[in-house]
1. Working only within the stretch 30-45, note down all residues that are over 15 Å from the mean Cα position of the chain (by Cα) and open to solvent by 30 Å² or more (accessible area, probe 1.4 Å).
2. Among the residues of the stretch 47-56, which ones are surrounded by 17 or more Cβ atoms within 10 Å (Cβ to Cβ) and farther than 11 Å from Ile255 by Cα?
3. Just checking, how many residues over the stretch 23-48 are of a type outside the set (Gly, Ala, Ser) and in a loop (DSSP other than H, G, I, E, B)?
4. Select from the stretch 23-55 the residues that are within 23 Å of Asp66 (Cβ to Cβ) and free of Cβ contacts under 8 Å to residues at least 24 places away in the same chain and list them in ascending order.
5. Specify the residue that is farthest from Asp46 (Cα to Cα); the eligible residues are those in the stretch 246-268 that are in a helix (DSSP H, G or I) and either modelled with pLDDT under 95 or in contact with a Ser or Thr (Cβ under 8 Å, 6 or more places away or on another chain) (or both).
6. Please go through the stretch 256-278 and give me each residue that is touching a Gly at 6+ places or on another chain (Cβ under 8 Å) and open to solvent by less than 80 Å² (accessible area, probe 1.4 Å), ordered by number.
7. Can you pull out the residues in the stretch 12-22 that are touching a residue at least 40 places away in the same chain (Cβ under 8 Å), open to solvent by 60 Å² or more (accessible area, probe 1.4 Å) and in a helix (DSSP H, G or I)?
8. Would you say Gln193 is out of contact with any Cys (no Cβ under 7 Å at 6 or more places or on another chain), modelled with pLDDT under 95, crowded, with 22+ Cβ neighbours inside 10 Å and not hydrophobic (A, V, I, L, M, F, W, C)?
Amino acid sequence: MSTPRTQTYGARALNFTNPTARLILETIERKKSNLAVSVDVTKSNDLLAIIKAVGPYVCMIKTHIDIIDDFDFSLIKQLQNLGHEYDFVYFEDRKFADIGNTVALQYAGGVHKIASWAHLTNAHPVPGPSIIKGLSSVGLALGRGLLLLAEMSTKGSLAVGSYTEEAVRMARQHKDFVIGFIAQRRMDGIGSQLHEDVSQDDFLILTPGIGLEAKGDAMGQQYRTPHEAVFESGSDIIIVGRGIYGTDPKAVDAIAAKAERYMAEGWAAYQARLTHQK
């Protein structure tokens, strides 16, 4: 039987009603890239320079807009223009973690107005379903999508076991808005042991902590290769940050070359997964 793991990205776009989920899958198929670059820098010029360097090779740019020291909302227009030019979507890694009313205000307003420009954002399921209801009250009408943090790539993470299972159950109850997870593996089978109907599950799996050389850092981050994430664990999108731009955001030629390499490695792992399943 065909499953999300064995289907092409393009075919899976039909599994979703959410516009952002469809856009992401169509973009991946069109660009032949399942690479997201996490641009965690503090200066607007560095952010823009890295995006221009990696733009041709990514399906998605992941931002932490609240760490930009010189933020002005005019930056958002520049980001949107780059998204159109290079054909990718934005994922604002906000990690919402509050009650529904508060997260709705954080998502819609403040200085960053995240819902107005970010196709995708994410949330911790700790507050329960109210966090999804609050965010969807803003994002659903805009066609946005939400990821839940089901697992994390840091050593000693508490997002395991029953926590992960509850995140998946919450997602199943809000499939119009929750389109996937930050996770280390596919979530499709979770719940089957409880006789829940999971046969129609399709959630996007975005996996951070991807590296071709390093296996970890001093802050507890743990790395896996694109092959391990995509081929072995069934991830849909690999998220790479410092492994691409390192410590020098102005080294644009080197950054572009690394992005191209990660794009190729991620796509090869996906094609191997499809071939292996036939």
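The values are calculated or read from the model by the stated rules, or taken from the named source; none is laboratory data. In this text, all values refer to a predicted model and were calculated from it rather than measured experimentally. Glycine also receives a Cβ, built like all others from the backbone with ideal geometry; neighbour counts cover every protein chain displayed. When the accessible area is computed, the model is the full protein with side chains, heavy atoms only, and any ligands, DNA or RNA have been set aside. Shrake-Rupley method; radii C 1.70, N 1.55, O 1.52, S 1.80 Å.
1. If the condition is that a residue be over 15 Å from the mean Cα position of the chain (by Cα) and open to solvent by 30 Å² or more (accessible area, probe 1.4 Å), then Arg30, Lys31, Lys32, Thr42, Lys43, Asn45 are the ones that fit.
2. Residues of the stretch 47-56 that are surrounded by 17 or more Cβ atoms within 10 Å (Cβ to Cβ), as a first pass: 47-51, 53-55.
Passing the criteria: Leu47, Leu48.
3. 6
4. Across the stretch 23-55, the qualifying residue is only Asn45.
5. So the first thing to find is which residues in the stretch 246-268 are in a helix (DSSP H, G or I), and the list is 252-268.
This time we only want the ones that are either modelled with pLDDT under 95 or in contact with a Ser or Thr (Cβ under 8 Å, 6 or more places away or on another chain) (or both), so: 263, 265-267.
Values: Met263: 21, Glu265: 25, Gly266: 25, Trp267: 27 Å.
Ranking the candidates gives Trp267 first.
6. Taking the stretch 256-278 first, the residues touching a Gly at 6+ places or on another chain (Cβ under 8 Å) are 258, 262, 273.
If the condition is that a residue be touching a Gly at 6+ places or on another chain (Cβ under 8 Å) and open to solvent by less than 80 Å² (accessible area, probe 1.4 Å), then Tyr262, Arg273 are the ones that fit.
7. First pass over the stretch 12-22, keeping only residues touching a residue at least 40 places away in the same chain (Cβ under 8 Å): 12, 15-21.
The next check asks that each one be open to solvent by 60 Å² or more (accessible area, probe 1.4 Å); those that pass are 15, 17, 19.
Selection gives Asn15, Pro19.
8. no
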